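Shown next, in structure tokens, is the structure this report addresses.
The values are calculated or read from the model by the stated rules, or taken from the named source; none is laboratory data. Since the structure is predicted, the reported quantities are computational estimates derived from the model, not experimental observations. Positions of Cβ are generated from backbone atoms using ideal geometry, with glycine treated the same way; all protein chains shown enter the neighbour counts. Side chains are part of the model used for accessible areas, which takes the heavy atoms of the whole protein and leaves out ligands, DNA and RNA. Shrake-Rupley method; radii C 1.70, N 1.55, O 1.52, S 1.80 Å.
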Amino acid sequence: MGTAENGAATWKSDLMLALLAALLAFALDAWTGFGPLTDAGGDNDNLLRLVEVRDLLAGQGWFDLHQYRMGPEGGFVMHWSRLVDAPIAAIVLAASVLTGSRPLAEDVAQVLWPALLFWSTLFFTARAARSFGGGGAVLPAILIGGAGYHVLGIYAPGALDHHNAQLMLTMASLALLIEAPARRWAALLSGFCAALTLAVGMETVPYVAAIGVCVALLFVADAGGERAIARDFGLGFAGVAALVFVTTVPPSTWGVAQCDAFSVAQFLVAAVAGIGLAAIASIEPAARGWQRRLASLAALGVVLGVVVAALFPHCLAAPYANLDPRLKELWLDHIDEAQSLFTLLVRNPARVAARYGTPLVAIILMTLRFRRGGWRRQDSLVAALLAVAFVVGAWQVRGTTFSIAFAVIPLSAWIAKWRARAETSSSLGVALRLAAVWLVSINPVWTGVAAAASVAFDKGTAVADGGAMDKTCQKKATFAPLGGMTGTTVLTISNLGAPVLAYSGHRVFAGPYHRNVAGNLLALDAFLSSADDARAIVEAHRVGLVAVCPGSVETLTLTRKAPHGFLAGLQRGSVPDWLELVSEKGSPIELYRVRQAG
């Protein structure tokens, strides 16, 4: 009884510490005026998620994932999950009732949703750190985790994209799995979270796979302690996968496999893997002896491989293998979060420290722990996820968000160890080492060093004027003139697609989404071709406005690609007679009305 009470007490304590940190982050955001609500910083995903929520609340069907105002006529089907739209929409509805204002309710949702995810992610980080490094690791985990998450920006006001929800669910799955030997329902709930994070988006496939492999191998190594855990995790994983499938995939497409979204492919793999693992753990002959367990799980792996290779072979290709070469050259190769570690080393070496510093330190710590012996099950779980996340981050920098988060766990245990030494020693050397351990464990310190290095490297370049001009067209106010115009189709670059939808009633062709191939190519064809060819596209698709952001990197890239093209001509001030400038001179966005547009 005492153990249960102590366990409940630690949960409450960790929950309150995480809440205090979340409130502090909230206060900092409030002090700065919740800036991202009016300056999205170029994050199209957050704005398009808000558009999706609005569409859902306006009556668009639960199963209808079309974005009708982006792409060619009729729009295109997005690959995002309603599992993220639903809670945000619920907050908007509740806040609308309380405030009587839908715009204010949207602001409430844009602040409250990321804050709740920040709190819950910190809580599960603290739980994982406690199980990994003892009670002394909890406060360091809250501090360095909170600082790191806050600086990463994925929990900032307006962060409606699904990556923050995925990180929270993945961290929850890890923390619950670490605690599973001591808590009856933890493994089942860990399976729930693993299936949910997969359903939200395919970006977490590597982490879910790593968790599943760890559960299986721990079961092989220790059937007595891990058998019930493997069974419950498998049942939870398969059960939630089935529930998500029937509630988010329309029956008419149950037989259609999608590689970039939860569909029959992911459901079938999850069901076979989860039920197979649970069955092996439950059947005595299969679970008797480590050789039988290993052979049974190897057979399950072969079955999964055959299922994927035979039924869904197209999903084994690289994610963007079939992307049009023009979109790869002019869009994908310029997405910051899609760059590799090796590309950063060449193009932006200072940023490497900010994104890879603390994960690398954590990997070194785990390596030293392994060499010293005394390896524990929690070490295996943390090390596996940390290593996988680091590899994913080396492939695409977006993966470093997860490696930075997983690094908090061994780093907090490291800090706890040196804090304990400092408490029993008055040595100046121990105090200095403790300070050094704190410094190298805090990701914002590495971020600050990277920023300083970047300034040093670029000291010869021109300094920004620091004025209020929104040269890259990222602020809500910049789109106000568009919002006051009658709805039409706007020809603009992909990075302005989501803001135009969020801040006005217009529709656009282009948006930075890999499924919007036809719309993006249509915009490229117009901007890179001659003015006469652009006019033919404009008239054929009844475009009413052309919006140009002269300071956008994308605009400059397209101008360099086609120096004699339509967009380059507008940049030079060569306006064809079928367009008329309707924006104020010197505006961040130059708006041209198509004369006599249909």
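Tell me whether the stretch 289-307 contains one or more residues that are touching a residue at least 60 places away in the same chain (Cβ under 8 Å), over 30 Å from LEU521 (Cβ atoms) and exposed (fewer than 14 other Cβ atoms within 10 Å of the Cβ).
Within the stretch 289-307 (the criterion being touching a residue at least 60 places away in the same chain (Cβ under 8 Å), over 30 Å from LEU521 (Cβ atoms) and exposed (fewer than 14 other Cβ atoms within 10 Å of the Cβ)), the answer is yes, since at least one residue qualifies.
What number goes with the only condition from (1) at pLDDT 95 or above; (2) open to solvent by less than 30 Å² (accessible area, probe 1.4 Å); (3) under 23 Å from PRO157 (Cα atoms) that LEU20 does not pass?
Against the list (1) at pLDDT 95 or above; (2) open to solvent by less than 30 Å² (accessible area, probe 1.4 Å); (3) under 23 Å from PRO157 (Cα atoms), LEU20 comes up short only on (2).
Residue check, LEU83 against (1) in a helix (DSSP H, G or I); (2) among the hydrophobic types (A, V, I, L, M, F, W, C); (3) more than 30 Å from SER131 (Cα to Cα); (4) open to solvent by 50 Å² or more (accessible area, probe 1.4 Å), all met but one. Which one?
Of everything listed in (1) in a helix (DSSP H, G or I); (2) among the hydrophobic types (A, V, I, L, M, F, W, C); (3) more than 30 Å from SER131 (Cα to Cα); (4) open to solvent by 50 Å² or more (accessible area, probe 1.4 Å), LEU83 misses just condition (3).
State all residues of the stretch 196-227 that are small (Gly, Ala, Ser), over 20 Å from LEU316 (Cα atoms) and modelled with pLDDT of 95 or more; if no residue qualifies, say none.
Passing the criteria: only ALA216.
Quick check on the stretch 157-189: of everything there that is more than 17 Å from ILE404 (Cα to Cα) and under 20 Å from the mean Cα position of the chain (by Cα), which residue is surrounded by the fewest Cβ atoms within 10 Å (Cβ to Cβ)?
ASP161
I'm trying to understand the selection: among the residues of the stretch 274-332, which are in contact with a Lys or Arg (Cβ under 9 Å, 6 or more places away or on another chain) and aliphatic (A, V, I, L, M)?
Within the stretch 274-332, LEU277, ALA278, ALA279, ILE280, ALA281, ALA286, ALA287, LEU330 meet the criteria.
Okay, residues lined up against (1) of a type in the set (S, T, N, Q); (2) over 27 Å from ALA238 (Cα atoms); (3) out of contact with any strand residue (DSSP E or B) (no Cβ under 8 Å at 6 or more places or on another chain):
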residue	(1), (2), (3)
LEU117	no, no, yes
SER120	yes, no, yes
PRO140	no, yes, yes
HIS163	no, no, yes
LEU174	no, no, yes
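Conditions tested, residue by residue: (1) aliphatic (A, V, I, L, M); (2) surrounded by fewer than 20 Cβ atoms within 10 Å (Cβ to Cβ); (3) touching a Leu at 6+ places or on another chain (Cβ under 6 Å); (4) in a helix (DSSP H, G or I).
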position: GLU329; (1), (2), (3), (4): no, yes, no, yes
position: GLU337; (1), (2), (3), (4): no, yes, no, yes
position: PHE342; (1), (2), (3), (4): no, yes, no, yes
position: LEU345; (1), (2), (3), (4): yes, yes, no, yes
position: GLY357; (1), (2), (3), (4): no, no, no, yes
position: LEU368; (1), (2), (3), (4): yes, yes, no, yes
position: ASP379; (1), (2), (3), (4): no, yes, no, yes
position: ALA383; (1), (2), (3), (4): yes, no, no, yes
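Can you pull out every residue in the stretch 530-559 that is more than 31 Å from the chain's Cα centre (by Cα), over 21 Å from GLU73 (Cα atoms) and of a type outside the set (Asp, Glu)?
Those that are more than 31 Å from the chain's Cα centre (by Cα), over 21 Å from GLU73 (Cα atoms) and of a type outside the set (Asp, Glu): SER530, ALA531.
Which residue is nearest to ALA216 (Cα to Cα), if the candidates are limited to the stretch 402-431 and must be touching a residue at least 40 places away in the same chain (Cβ under 8 Å) and open to solvent by 20 Å² or more (accessible area, probe 1.4 Å)?
Only one residue tops the list, namely TRP414.
Quick check on GLY236: is it surrounded by 17 or more Cβ atoms within 10 Å (Cβ to Cβ) and in a helix (DSSP H, G or I)?
Against the criterion (surrounded by 17 or more Cβ atoms within 10 Å (Cβ to Cβ) and in a helix (DSSP H, G or I)), GLY236 qualifies.
Which residues, counting only those in the stretch 433-479, are among the β-branched types (Val, Ile, Thr), part of a helix (DSSP H, G or I) and at pLDDT below 80?
Of the residues in the stretch 433-479, the ones among the β-branched types (Val, Ile, Thr) are 437, 440, 442, 445, 447, 449, 455, 461, 463, 472, 478.
From what's left, part of a helix (DSSP H, G or I): 437, 440, 445, 447, 449, 455, 478.
VAL455 - this is the single residue of the stretch 433-479 that is among the β-branched types (Val, Ile, Thr), part of a helix (DSSP H, G or I) and at pLDDT below 80.
Only one of ALA257, ALA279, ALA261, ALA273 is within 21 Å of PRO206 (Cα to Cα) and either assigned to a helix (DSSP H, G or I) or modelled with pLDDT under 90 (or both). Can you tell me which?
None of the others qualify; the one that does is ALA273.
Could you list all residues from the stretch 145-156 that are at negative phi and either in a helix (DSSP H, G or I) or open to solvent by 20 Å² or more (accessible area, probe 1.4 Å) (or both)?
Residues satisfying the conditions are GLY145, GLY146, ALA147, GLY148, TYR149, HIS150, VAL151, LEU152, ILE154, ALA156.
Under 6 Å by Cβ, and 6 or more places apart or on different chains, what pairs join a residue from the stretch 515-530 that is small (Gly, Ala, Ser) with one that is surrounded by fewer than 20 Cβ atoms within 10 Å (Cβ to Cβ) and in a helix (DSSP H, G or I)?
From the stretch 515-530, the pairs are ALA526/ILE537.
In this structure, is PHE390 of a type outside the set (A, V, I, L, M), closer than 24 Å to LEU439 by Cβ and open to solvent by 10 Å² or more (accessible area, probe 1.4 Å)?
Yes: the conditions hold for PHE390.
Going by the conditions given, is SER252 crowded, with 16+ Cβ neighbours inside 10 Å and within 33 Å of the chain's Cα centre (by Cα)?
No, not satisfied.
Considering only residues that are under 26 Å from PHE34 (Cβ atoms) and aliphatic (A, V, I, L, M), look in the stretch 472-509 and name the one that is most open to solvent (accessible area, probe 1.4 Å).
ALA477
Taking only the stretch 43-80 into account, find how many residues are of a type outside the set (Phe, Trp, Tyr), under 25 Å from THR197 (Cα atoms), open to solvent by less than 50 Å² (accessible area, probe 1.4 Å) and not in a helix (DSSP H, G or I).
Matching residues across the stretch 43-80 total 7.
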